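As structure tokens, the structure follows; a few thoughts come after it.
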Amino acid sequence: MKAMKFFKVAAILFLGFTLTTSCSKDDDGGGNDKFAGVPKGEIVPLAEREQVLTGYDGTEGRGFTEKKWWKQDVAKVDYHCAGYEDEDLGQENIYYAFAHDGTMYYKVGAEGEAYSYNTWEWEDSDKDAIVVDGVVFDFRELNEDTIVYASYQEQNSSCYAVTWEQYSR
């Protein structure tokens with residue numbers, strides 16, 4: 001059962017990676033919201049983003065190894081291409097943690113065992129996006145209650161996909 005959940009969780013990142021390798025990231029097309037349809041909300045100030053995402057407050061030895069768990073509410077790929085149907089990749093009762101050291105963890109259930117399965121890093125010092133397995137995810141919402149991030153992959157002017165996820169506490 002754990003292996004099946006792991007494979008489904010890994011499929012989300014694999015799909016984003018697959019789309020990225022076959023498509024190129026583009027700008028927003030002259031001011032249009034490339035993430036139209038993806039929820040958007042409050043993003044905390046830059047100085048608070050690390051602590052909000054990871055739980056690490058910067059105090060040496062305090063909180064560095066603790067994990068701040070986020071429950072996955074939505075995981076989707078919205079296709080804007082002829083012949084492709086949107087995919088709902090979400091699963092019930094899956095939790096993720098973004099550790100300060102760059103390790104991503106997941107577990108099944110709030111009291112489940114944590115498994116390390118990927119790495120993450122800030123895209124740059126603005127901390128408005130993270131990179132997971134080579135795929136850039138821009139934050140649409142990042143606060144104490146909710147995370148929403150999305151990635152845009154364009155194959156050509158008439159075919160693109162938006163991979164996005166939403167988490168809650």
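Quote the charge dipole size of the range 66-143 about the Cα centre in Debye, to the nearest 20; the model charges only the Cβ of Lys and Arg (+1) and of Asp and Glu (-1).
300
For labels at residue 118 and residue 156 in the simple 7 Å Cα→Cβ model, what's the distance in nm?
2.9
With point charges of +1 on the Cβ of Lys and Arg and -1 on the Cβ of Asp and Glu, referenced to the Cα centre of the range 69-169, which listed residue (147, 99, 82) lies farthest in the positive direction of the dipole?
Working it through, the farthest residue towards the positive pole turns out to be 99.
Between residue 143 and residue 110, what is the FRET efficiency for a Förster distance of 22 Å, r being their Cβ-Cβ separation, to the nearest 0.05?
Details: r = 20 Å, r/R0 = 0.93.
The computed FRET efficiency comes out at 0.60.
Taking the Cα centre as origin and putting +1 on Lys and Arg beta-carbons and -1 on Asp and Glu beta-carbons, what dipole magnitude results for the range 125-169, to the nearest 20 debye?
On the way: 3 positive and 9 negative charges, 14 e Å.
Computed charge dipole of the range 125-169: roughly 60 debye.
Quick note: the coordinates plus some simple rules give every number you see, no bench work behind them. Only a predicted model underlies this, so the values are computations on that prediction, with no experimental measurement involved. Quick reminder, even Gly has a Cβ in these numbers, built from the backbone with ideal geometry, and neighbours come from all protein chains shown.
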